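To start, the structure itself, in structure tokens.
The values are calculated or read from the model by the stated rules, or taken from the named source; none is laboratory data. None of the values given here were measured: they were computed from a predicted structure. Backbone-built Cβ (ideal geometry, glycine too); neighbour counts: all protein chains shown. Note: accessible area is taken over every heavy atom of the protein model, side chains too, but ligands, DNA and RNA are not part of it. Shrake-Rupley method; radii C 1.70, N 1.55, O 1.52, S 1.80 Å.
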Amino acid sequence: MSEIFAEARNVSKRFTHEPDFAERIASKLGAVSTRKVVHALDGVDLTIEKGEVVGLVGESGCGKSTLGRIIAGMIPATEGDVLVKGEKRDSLRGQAAREARLKTQIIFQDPMSSLNPRKRVLDIVGEAPVAHGLIKRGEKRKLVEDLLETVGLDPSMTDRYPHQFSGGQRQRLGIARALAVKPEFLVCDESIAALDISIQAQVINLFMDLRKSFDLTYLFISHDLGVVNHIADRVVIMYLGRVVESGRVEDIFERPNHPYTAALLAEVPSIDKRHRTFTTIKGEIPSPVSPPSGCHFHPRCPHAFERCRIERPALVDLGGRHQSACHLNELPERPDFNMSIQGEGRV
Amino acid sequence: MSNPSETSEIVLEVTDLKTHFATPAGEVKSVDGVSFSVRRGEILGLVGESGSGKSITGFSIIGLVDPPGRNVGGSILFKGEDLLAASEKQLRTLRGNRIAMIFQDPMMTLNPVLSVKTHMVETVLAHESVSRAEALRRSIEALRMVGISQPETRIESYPHEFSGGMRQRVAIAIALLHKPDLIIADEPTTALDVTIQSQILSEVQVLCRELGMGLIWISHDLGVVAGLADRIAVMYAGRIVEQGDVDQILDRPKHPYTAGLIGSAPAANRRGERLTQIRGSAPHPLRRPEGCAFRTRCDFSTDACLQEPTETIGAADYRWRCFNPLGATEATS
Ligand SMILES: Nc1ncnc2c1ncn2[C@@H]1O[C@H](COP(=O)(O)OP(=O)(O)OP(=O)(O)O)[C@@H](O)[C@H]1O
Ligand SMILES: Nc1ncnc2c1ncn2[C@@H]1O[C@H](COP(=O)(O)OP(=O)(O)OP(=O)(O)O)[C@@H](O)[C@H]1O
Ligand code: SF4
Ligand code: SF4
Ligand SMILES: [Mg+2]
Ligand SMILES: [Mg+2]
């Protein structure tokens, strides 16, 4: 068995909405507490092997970025552990902790909120490698120019500020900045979503080349199932804070087990599907503030039965590293899955 | 406006639009002679190279180009009214009310220190004289439409308490509040899962088909554009290089750049293999090649391409700019 690089064990994360002044007064006066807790992650297990590309897919708000941030050590988990190369992330101290943080780089979803608007590209990309002693100050410009070239930007843009770039160009600045510190592990959070297809192709090829030449490990968060299908070895599907299915890319795309996975695959846009009538979602979209009981997917699931409303389905092994959390797997006969769960078109 | 029946069909008509940025290094010609129109109920997919001027085209229409950017030519007629000649006050009333834009980065719409409720209620009140309660009711309804659950409570949240995709849906809900005549949507669903994306696409489709809203959908996802748009315009280096009916563009592109785009999508390649790339990289906006800007990356260039290709207009308002347009056989390779 290959070496496990990073691992999340039973990780949960809750965010508490702090009550504002008026709400605090109201609760002092005996009103019902308005403290809202968002269950962003609820007992998530995930292993990533060295050199592997794991695609993380799921509904908007299901906790993908939160999981990525926790695995990267940016924010703590409420419960559970994150291990990197067998060591607990939060037990590392001083130099070892800094080292571990540097070796994991995260490329963010909103490039605007992660690039300092008052700094030039030269500093945004070149500061960290100088500060951490990876290069000498005099080598900074050369390094930054090389990195810009690597991500398909003109090296002469080195002295520009972030606002002078287009959305996709800014996204590539984030990639260049992450690569500057020679990471071992990249968490890519929708990092190619804003790129046009021809540049997306360049960046995907770049990721695949880097993986070969530096043995990089990736957690690749994306809504673009076409891209995930192309580059991931393994795919993990999340729904409302939980992993619902995981497996090798060919199993997930060719033999999906979970009804949510099947629903995603049925909606994938394709250049061959023209003039579609898009449909609304059937059932209520659940909220992470008060997730549905039992299987979180039951209000939208066409196969839900009594047990689904009561009991949380466990993630069970289907063989060959394929896992799924659905009660249907315990029924003697499983229904056919390849159907859309969207409701009727409104037009 | 001598022929009202014809002009009323066209919501937006952009002619030879030029928006340039004066930078210390030189004049960046972000949008350099763009022409297209959008009819009532029509959906135009605007695709193209990163940095080719898609967003700046949108900003120009809605009058939000910041200095050193400025309009240096062309006209933008919105229901016959010239937006480039409109006063700031006129623009402000149109903006958010008759024309709305959904930005690539939702934080351009959302102020981090204001709650979602404040954003939405104030937006309603800015353009309509309704009660605060009515404004709140409408805001909650708009959130529900874009698939935010428990909108009654979640409307109290601040932008940072939402995930990236939820922030984007809030921005979309704000744009839809007034059911505008024209929406410019700049990659609004790239951060959403495909089932929620379909939900939002179905909402905008209803507005287009039932209320005749015109929609410019800027995206690099050819799959979404294929399913949604009536027409596609492809931009490269500040120009539209090809525009026409969806099937024409996707099945029989004439411009080599369009064909290159279609060929580099993962779906057109085998799993795990290197993707086909268009060779070279996008030219620096200050150092675009003379003549056809795609020349240095094009497999079909000839000496003729040292000249600027002009627009050829075919049947069904199909237009392309290329001296050596592809035939049907090469287009699919
Ligand atoms: N700082 C925070 N405070 C409160 N709630 C938060 C915070 N960060 C995230 N959340 C909530 O946690 C949940 C998971 O958010 P997360 O950003 O991980 O989702 P995501 O899967 O990355 O979604 P998307 O695809 O839209 O980016 C969401 O409901 C979000 O509103
Ligand atoms: N403030 C500015 N100063 C100088 N150049 C600018 C400025 N804003 C934009 N540009 C340039 O204008 C060009 C067009 O930018 P625009 O944002 O319209 O691209 P886009 O087609 O939307 O790309 P993307 O798909 O990456 O979002 C880019 O080359 C960009 O670098
Ligand atoms: S456990 Fe029940 S509700 Fe959940 S996905 Fe399976 S069948 Fe559907
Ligand atoms: S005009 Fe010439 S260089 Fe430009 S796309 Fe056509 S063949 Fe290629
Ligand atoms: Mg996210
Ligand atoms: Mg843009």
Can you find a residue that is in contact (Cβ under 8 Å) with a residue 40 or more places away in the chain, within 16 Å of ligand 6 (Cβ to nearest atom), closer than 24 Å to residue B:19 by Cα and in a loop (DSSP other than H, G, I, E, B) anywhere in segment B:173-191? yes
Output for segment B:248-293, where each listed residue is of a type outside the set (Lys, Arg), touching a strand residue (DSSP E or B) at 6+ places or on another chain (Cβ under 6 Å) and touching a residue at least 24 places away in the same chain (Cβ under 8 Å): B:255, B:257, B:258, B:285, B:286
Looking at B:246, B:241 in this structure, which one is facing another protein chain (nearest Cβ under 8 Å), among the hydrophobic types (A, V, I, L, M, F, W, C) and in contact with a helix residue (DSSP H, G or I) (Cβ under 7 Å, 6 or more places away or on another chain)? B:246
Residue B:303: among the charged types (D, E, K, R), away from ligand 4 (no atom under 14 Å from the Cβ), surrounded by fewer than 21 Cβ atoms within 10 Å (Cβ to Cβ) and away from chain A (no Cβ under 14 Å), yes or no? no
Considering only segment A:118-200, give the helices (runs of 4 or more DSSP H) lying wholly within it that have at least 1 residues that are open to solvent by 20 Å² or more (accessible area, probe 1.4 Å) and closer than 21 Å to residue B:192 by Cα. A:167-179
Name the residue that is farthest from residue A:64 (Cα to Cα), counting only residues in segment B:119-155 that are out of contact with any helix residue (DSSP H, G or I) (no Cβ under 6 Å at 6 or more places or on another chain), not in a helix (DSSP H, G or I) and not hydrophobic (A, V, I, L, M, F, W, C). B:129
I'm trying to understand the selection: among the residues of segment A:37-59, which are of a type in the set (Gly, Ala, Ser), within 13 Å of residue A:237 (Cα to Cα) and either more than 12 Å from ligand 1 (Cβ to nearest atom) or open to solvent by 10 Å² or more (accessible area, probe 1.4 Å) (or both)? A:55
Report every pair of residues separated by at least 6 positions or lying on different chains whose Cβ atoms are under 8 Å apart, first residue within segment A:305-332 and within 14 Å of another protein chain (Cβ to nearest Cβ) and in contact (Cβ under 8 Å) with a residue 12 or more places away in the chain, second within 9 Å of ligand 3 (Cβ to nearest atom) and open to solvent by less than 60 Å² (accessible area, probe 1.4 Å). none
Taking segment B:291-300 as the region of interest, how many residues are near ligand 4 (Cβ under 6 Å from one of its atoms) and within 14 Å of chain A (Cβ to nearest Cβ)? 2
One residue from B:288, B:209 being within 11 Å of another protein chain (Cβ to nearest Cβ) and surrounded by fewer than 24 Cβ atoms within 10 Å (Cβ to Cβ): B:209
Restricting attention to segment B:117-129, does a residue exist that is within 14 Å of chain A (Cβ to nearest Cβ) and without any contact (Cβ under 8 Å) to a residue 40 or more places away in the chain? yes
Selected residue (only one of B:260, B:314 is in contact with a Ser or Thr (Cβ under 8 Å, 6 or more places away or on another chain), away from ligand 6 (no atom under 16 Å from the Cβ) and over 16 Å from residue B:32 (Cα atoms)): B:260
Residue A:237 being in contact with a Ser or Thr (Cβ under 6 Å, 6 or more places away or on another chain), outside any helix (DSSP H, G or I) and either open to solvent by less than 10 Å² (accessible area, probe 1.4 Å) or within 10 Å of chain B (Cβ to nearest Cβ) (or both): yes
Being under 23 Å from residue B:286 (Cβ atoms) and assigned by TED's automatic domain parsing to the domain that holds residue B:234, is that true of even one residue in segment B:74-94? yes
Can you name every residue in segment A:131-163 that is at the interface with chain B (Cβ under 10 Å from one of its Cβ atoms) and out of contact with any helix residue (DSSP H, G or I) (no Cβ under 8 Å at 6 or more places or on another chain)? A:156, A:163
Residue A:71 - would you say it is within 14 Å of chain B (Cβ to nearest Cβ) and open to solvent by less than 30 Å² (accessible area, probe 1.4 Å)? no
Of everything in segment B:137-152 that's facing another protein chain (nearest Cβ under 7 Å) and free of Cβ contacts under 8 Å to residues at least 40 places away in the same chain, which residue is farthest from residue A:63 (Cα to Cα)? B:150
Which one of these is modelled with pLDDT under 90, at positive phi and open to solvent by 70 Å² or more (accessible area, probe 1.4 Å): A:28, A:85? A:85
